Structure formats: C-alpha cells, structure tokens
Amino acid sequence: MSKNLIIVESPAKAKTIKKYLGKDFEVLASYGHVRALIHKEGAVDPEHDFAMRYQVIERNAKHVDAIAKAMKKADNLFLATDPDREGEAISWHLHELLKERGSLKDKGTYRVVFHEITKRAINDAVAHPRKLSTDLVNAQQARRALDYLVGFNLSPLLWKKIRRGLSAGRVQSPALRMIVEREEEIEKFKPREYWSIEADLEKDQQPFAARLTQLHGKKLTQFSITKENQARAAEQELRAAAAGTLTVSAIERKQRKRNPAAPFTTSTLQQEASRKLGFTTKRTMSVAQQLYEGIDIGEGAVGLITYMRTDSVNLANEALDELRGLISERFGDDKLPSHARHFKTKAKNAQEAHEAIRPTSAHNFPDAIKAHLSSDQYKLYNLIWKRTVACQMIHATIHTVGVDFAVGNGNILRSTGSTVAEPGFMAVYEEGVDDAKKSAREEDRLPPLEKGDIVKLLQVRPEQHFTEPPPRYSEASLVKTLEEYGIGRPSTYATIISTLQQREYVTLENKRFRPTDVGRIVSKFLTGHFTRYVDYDFTARLEDELDEVSRGERGWVPLMKEFWYPFRELVKDKEESVSRSEVTTEAIDENCPKCGKQLNIRLGRRGRFIGCSGFPECDYTRNIDEDESSEPEIVDGRTCPECQSPLIIRSGRYGKFIGCSGYPDCKYIEPLEKPQDTGIACPKCAKGNMLKRKSRRGKIFYSCSTYPDCDYAVWNEPVEGPCPACNWPILTVKTTKKRGPERVCPQPDCKFSEPCELETAEASEQD
C-alpha cells in the first residue's frame, strides 16, 4: 500500500514521474480539469458575489472516482498539476471534490510544483511542498467567470441580431478585430508607383549590382522617381556619363555585431515553429506537451524540455553552467562569451520565477535521440535545443562594405555587401523573421575593390515598383501582435486561434488569416456597439488586473463587479435599440439595374451578397466581388484538359471555382483552392498523403491525394501514430460538447478513444 498519492494531469506524465518516486508513492492522472461550470444560465451568480456552480466533467468522472478510492489507502495527497493558474485551479477543484467526499479527513494535503520532469526536479518538489494558492485560484475563477458572462450574454444577442449559432468571447473578439481591420486596410490600400535605377557591374569576371542613390546632387528617396519618363531620362544620362565603365569614388567599411536571440517563451516558440517548421500553434503545443511529459529514449521515459507555457526568458544557473560546459567542449572556448548571457523579458507581467523553454539536459543531443522521436518531436526538439545552445554563444561578427561610384554631375551609384567574418552563434542557429523581404544589397558578395578601381558597366536597368499593402496575419505574426498588445497569456494563444477557426470567423489561406463574411459582421457589430470590450488597451488592462489578483494585490469580486454591471446595462440597451437589419445590411452608392432602387450589402446563408433594397418586390442579386461590366478572369497559362478552351474563374452558389469557358458545352470544373497536404500517409494505400479539402458546402474533410485511385476519406483531422487497439496506421481528433476533444480510431469496428492531453488545461478557457 502506497503511503503517498501524487496527482498529475496526464497519464504520460504519471508514467514518467512514477519511475522517479519509490514504492511509497502512487501516481494517478486527473486527465485535465475535473470540474467545469454547469452548461446553463446561472452558473455564475452576480447577485451573490459571483458564486460559481460547478459539475464534474462526465468524461473524467471515472478518474475522480479512482483518485478518491486510492486516497482511502493513502496518508498524504500531493497535488502536482501544471505550475500555472490552470494547474492550480485543477488541484483546487480536485481538493474540493475529495473534501466533499470525506476522503481527506486526517490526511495531509500538499501542493508541489516543478518546471521540468527530471528526477532531481521531482524529488526536490516533493521535498519542498507548499499550500494551495488561493490567489492563483481566484485569478483563474475570475477569468472563467468573465469568459462565461461575456459568452452567455453576448452570444444570444448575436443570435438575435445576426444569425443563430454564433458566439463571442472576451479575448478572441479583439483578435478577430485585428484580422478584420487588417483586411479592411488591405482593401482600402491604393498602390503607389515608384522607380529605382539598378546597374549591373562586373570586375574580374565577378558580376555584382549597384543602385542609384543620388541624382543631380540630391539623395534619392522612395518616391523621388515616380514616372517612367523620369526613370528613362536618368538611365540615358548614366549611360552617357559612364561610357561603359565606372570608377570607385569612395569605400566605407564597417564591422557590426549580431547577438543571439533569447531562449524560447511560449509565444516565440509558436512563432518560430510556424516560420521554420510550418507548424500551427496547436500542433506546436501538442508536440511540446509530449516532449515535456516524457519520452522513452532508451533508459525509460524522461521529460526532454522544461514547462512549455511560460513568458520568461530566464535560465536556471545549473542550466547555464551545463550549456557553457557543452559549448566549450563541443565548439571550443573561443565560442564562449566571458560571462553567461542573461536576457530581459519583453512580456508584460512575465512570471520571472519560471524558466524559458529549454532542454532538461543539453547533453540529450537531437541527433543522438532522433531514433526515439517522431518526426514532429525531433523537429521541435532540435529547434529548442539549437536556440538554447546558441543563446549562450558569442556574437556573430559581420563585415559590411559600401562602395560608391560617381557618374557624371552629382550622380552616385552605390553597391553594398556583407560577409560573416565570425559566425559565432550563427554556426548553430539563426532566428527567422516575419514577412521578410529579400534585402537587397546586404547579403551580396562583392569583388575586392579599392578607391580608384575601374569596373565594367554591363547595363542600366530602370525598375518599376508599386507599394504593397500590409500582409495578412500569419499564425506567427498574430501571436506576436497579441503578445505585444498584452492580449491573452501563454496558455491561451493556441486556443484563441483555434476558436476563431472553429467558429468559422476566419479562414487560413496560404497560411494567412482572412475573415469570413460572418466574421466581418460579428466584428463590425462588436466594434460598433461594444467598443470598450473589444478595445485592445481595455482587454490588456483586464489581463493585467487578473495578474494582480494572482499576486494577491487585488480582490477578484470587486474586479468582477467593476466589469459586470456596466456590461450588463450595455447588453440590455443594445438588445432594445439595435435592429437586425442595421447590423446585417449596409447601403452602397449604387442603384439597382433592374428597378432603380438603392442596392445593399446583405448577409445571407452563404455569406454577404449585393441585393436590391426593394426586396421582395425586386429579386436582383449578385456576388459582392462581381462587377456587372467586368469580363471573367482568365487563368493564365492554362487550358481546359477536356476541350482545350481557356479556363476562367467563375462564381457559383458555393463560392468561386475554376471552370471551362466553353460552358455549357463543356462542364469541366476544379476547386480554386488547392487542398493542403497534412504530411500524413494514407493508411489505406500508403502511396499518397492525406489532404485537407473542402466539400461543396464548405465542410472540411480529409482524403487521399491519389483519388480516384484511392477513395479513403475521413471527416476528422488525422494525426500520426497507430491505434493502440487495432494498430490502424492513424488516429483522428474528434471534438464533441459532451466528451470534449478525443483521439479516436477512424475504423468503424474499433471503439478506441482517449481524451486529448494537449489542451486539457486550456480547454476550459473559452477565450
């Protein structure tokens, strides 16, 4: 009989920890949250200090029963859930349930916290327990109550004013606003023409380029040359003045240092995994969870990284010592700075007691343990290992050179380039950049040049350019922006993004977020009528105030009252004063070609469209992006594979598609959007990969890339790894209101299912 019972959140973590603790410890999993607010009105009672009514989560009831049964035989309870607010709340809920059942009478109850699953960390945590933190629990309860009250009051309003089935959330609504405002900015953008003058040069058979930076004694700016005739005149002048050669008039040499990036936080890991690995935030956190909880690398399961929900860039002293020793041994003492690097966190209210995400042991080299890891696990672990090692290496030394060529009266062509003199940390790792444009000259290699040298002029090229609108948000840039505004916390970024997609407020096209018609309408309604509650600063301040509650600096009930009463009155007012047509209809400056009345943009079952204000007397409609006078858009360089007529982009009841211009004689069609490759092999034929596709009605499904040769298809998202019950090569992720997210076997005869371990702590935060 075990004297001590220790509770963690996942069975994988329980298995890893069990081997570190002796026979006196039994380790069980709660499988995430054990209680949730009841799914009906009255779960939060504002009239009685926001008292909250909970119920046991059905899918985890059996796990609670198992814990209660084991507790009868134990003397002490150690609550070892995750070291954050959600983890603290899970421990508190479990403690309350066991207390109600009388399972804790005359028993010791302790809270233990660790940030890595290693023998040293686990034993140290058990040896130095603490009490449950009421402040952390209150902060989590306040967040949960706020999310409930916002959702339970705004969602019915959206049903009445827009359409049934919609919902709104406290944190994802400002995130939706960001995406919509960026789209509107793109639509309003008017390109502006400008020209640059480039010159192709050569010395000692090495070609290189230069750009005109000064014309007639004046320094050129982006819009100094805006017309083709100006550019052609400058071209002719330079050709005539050069007469085939240029002379070096000045050389400027500089040396600069580039320091390594800080070790990963949750946000920067999600951003970098998106840039370099193409991972979604959800996929990144799922794989990181696996690495944290433990993987058998030949000597039993071991946690490979520290806790992956953190906003701190600190590294423990032991980790710094280990990293410096490894760098000295593997790369040489000359790659070590004189002192360990310490980084300053940029996140607001960062938990400095936490560590950055790092390997639990830098001596677990990625290539050495690759055979024990899945492809995703290896890629992410390799990224974390390299970033962590690089952050403690010397700076990179970069030599830059700028060469000027005087041409005629007051004209200067400039060529720039750089070389890496000492790679330093760059030999291991270099940080990615969002929306990076190829820098022109900085990475060019130049031939050896000295003042007075003569180079050959091959040609002068005027180049036409147009300004571009800001890019749509990627997952990486959206997470970065949310963090900069202080909206959300490390544990919520992935949930915010997945919620927006699940509710079909945004779509992901070419890895960029685009708002749907419904998303636009919802954002317009919330921004216009609930301005304060989707304001970026207001949302960030509320996050700060929740952090104050977690530190014991503020009471959670006064915070709730301050938020709730003005919000309730505003909801009541908008319910009475705003009509549905006001929200879903927008007048445009155009008259109906059929009856002459004003046209409106309206919201229908399949999105926004243009219709006559005289409906139902006048039934004129057209697609919102369709111009009556416009010609169909031809698909460049392609013809119909059946009749060789040009292919055109057409619009139908299910949106845009590619079709044959010979319709109706030829009925060939194909989807406008190419299916996305999941990278998971088809379990039926093993020849193709599973592709993410969209049905005619817009529903997502997954099918084999070799169709029609292979007709295998599933509705739920496939995940790598065989079914433990029947060994079918893949599982799928299925989410229901009753059971939540689960991994299930897609085989009809197999009933295998298990709760997803990824977002058990996050799932309750409906941000």
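A short reminder: the numbers here are calculations on the coordinates, not readings from a lab. Just so it is clear, the structure is predicted and the values come from calculations on it, not from any experiment. Reconstructed Cβ throughout: ideal geometry from the backbone, glycine too, with neighbour counts over all protein chains shown.
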Notebook entry, point to check: In deg cm²/dmol and to the nearest 500, what is the mean residue ellipticity at 222 nm of the chain if only DSSP H runs of at least 4 residues count, each as -39500 (n - 2.57), divided by the residue total?
Noted result: -10000 deg cm²/dmol
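Tell me whether region 460-605 comes out rounded, prolate or oblate; compute the Cα gyration tensor, take square roots of the eigenvalues as a ≥ b ≥ c, and use a/c under 1.5 as the rounded threshold.
Numbers: a/c = 2.51, a/b = 1.24, b/c = 2.03.
The shape class here is oblate.
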Next item on the list: Compute the length gained on full extension between L570 and K344: take 0.36 nm times their separation in residues and subtract their Cα-Cα distance, giving the result in nm to one decimal.
Entry: 77.3 nm
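Of K379/K734; K282/K694; K23/K107; K3/K119; K131/K738; K3/K62, which sit over 27 Å apart, Cα to Cα? Please list the in-between numbers first.
On the way: K379/K734 25 Å; K282/K694 20 Å; K23/K107 19 Å; K3/K119 20 Å; K131/K738 33 Å; K3/K62 22 Å.
Where the Cα-Cα span goes over 27 Å, the pairs concerned are K131/K738.
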Next item on the list: Mind jotting down the three principal axis lengths of region 86-165 based on Cα atoms? Whole angstrom, largest first.
Entry: 57, 32, 20
Checklist line | FRET efficiency, A51 to C595 (Cβ-Cβ, R0 41 Å, nearest 0.05) | finding: 0.10
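Would you work out the relative contact order for the chain, in percent, from Cα pairs under 8 angstrom that are 6 or more residues apart?
Values: 1389 pairs, mean separation 105.1, N = 767.
Here the relative contact order equals 14 percent.
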Next item on the list: At most 11 other Cβ atoms within 10 Å and a DSSP loop assignment: could you name the trypsin sites (Lys or Arg not before Pro) in region 668-732 that fit?
Entry: R696, R697, K699
Next item on the list: At 7 Å along the Cα-to-beta-carbon direction for both D453 and E329, put a label point, then send me their distance in nm to one decimal.
Entry: 4.5 nm
Notebook entry, point to check: What is the spin-label model distance, in nm, from T419 to K276 if the labels are put 7 Å beyond Cα along the C-beta direction?
Noted result: 2.7 nm
Next item on the list: Could you name the lysines whose alpha carbon sits less than 20 Å from that of K335, not counting residues in the same chain fewer than 8 places away?
Entry: K257, K386
Notebook entry, point to check: region 118-185 to region 21-35: how many Å between their Cα centroids?
Noted result: 26 Å
Margin query: Restricting to Cα atoms and excluding each atom paired with itself, what does the Kirkwood estimate give for region 467-550 in Å?
Written below: 14.1 Å
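Convert 4 °C to kelvin, take the viscosity as 1.567 mPa s, use the Kirkwood radius over C-alpha pairs of the chain as Rh, and evaluate the Stokes-Einstein diffusion coefficient in µm²/s, rounded to a whole number.
Numbers: Rh = 30.4 Å.
For these conditions, the coefficient is 43 µm²/s.
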Checklist line | For L269, L104, L526, L291, order by how many other beta-carbon atoms lie within 10 Å, fewest first | finding: L104, L526, L291, L269
Notebook entry, point to check: Cα convex hull of region 676-755: how many Å³ per residue?
Noted result: 101 Å³
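Is the C-alpha gyration tensor of region 394-530 telling us rounded, prolate or oblate? Criteria: a/c under 1.5 is rounded; beyond that, a/b larger than b/c is prolate, otherwise oblate. Walk me through the numbers before you get to the answer.
Values: a/c = 3.82, a/b = 2.03, b/c = 1.88.
Cα axes put region 394-530 in the prolate bin.
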Notebook entry, point to check: Which aspartates and glutamates have a Cα lying under 16 Å from the Cα of K19, excluding residues fewer than 8 positions away in the same chain?
Noted result: E116, D124, E293, D296, E299
Notebook entry, point to check: Between E202 and V714, what FRET efficiency comes out of the Förster formula 1/(1 + (r/R0)^6) with R0 = 51 Å and r the beta carbon distance, rounded to 0.05?
Noted result: 0.30
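Take Y663, Y378 and order them by how many other Cβ atoms sit within 10 Å, fewest up front. Write out the running numbers ahead of the final one.
Numbers: Y663 14, Y378 18.
Fewest to most other Cβ atoms nearby, the residues stand as Y663, Y378.
Take the alpha carbon gyration tensor of region 146-232, find the square roots of its eigenvalues, order them as a ≥ b ≥ c, and report rounded if a/c is under 1.5; if not, report prolate when a/b exceeds b/c, else oblate. Show your work: numbers first, answer last.
Details: a/c = 4.87, a/b = 3.35, b/c = 1.45.
Taking the square roots of the gyration eigenvalues as a ≥ b ≥ c, region 146-232 is prolate.
So how do S695, S10 line up by other beta-carbon neighbours within 10 Å, fewest first?
Working: S695 10, S10 25.
Lowest to highest Cβ neighbour count: S695, S10.
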Margin query: Can you give me the Kirkwood hydrodynamic radius for region 266-390, using every pair of distinct Cα atoms, in Å to one decimal?
Written below: 15.1 Å
Next item on the list: Can you tell me how much longer the chain between T621 and K62 gets when fully stretched, taken as 0.36 nm per residue apart minus their C-alpha distance, in nm with one decimal?
Entry: 195.7 nm
Next item on the list: Using amide H atoms built 1.01 Å from N in the peptide plane, name the residues 5+ places from V635, or on other chains, whose amide H lies under 5 Å from its own.
Entry: L647, I648, I649
Check: By how many nm would the segment from H465 to K511 lengthen if fully extended, with 0.36 nm per residue of separation less the alpha-carbon distance?
Finding: 14.0 nm
Next item on the list: First obtain the Kirkwood hydrodynamic radius of region 4-132 from its Cα pairs, then insert it into the Stokes-Einstein equation at 10 °C and 1.306 mPa s, and state the resulting D in µm² per second as a whole number.
Entry: 104 µm²/s
Notebook entry, point to check: Near K160, which lysines are there with a Cα under 17 Å away, not counting those fewer than 8 places off in the same chain?
Noted result: K524, K572, K574
Next item on the list: Kindly provide the chymotrypsin sites (Phe, Trp or Tyr not before Pro) of region 193-237 that DSSP labels as loop, not H, G, I, E or B, and whose Cβ sees at most 14 other Cβ atoms within 10 Å.
Entry: F223
Check: Just in region 1-52: which GluC sites (Glu not before Pro) are loop by DSSP and have at most 13 other Cβ atoms within 10 Å?
Finding: E41
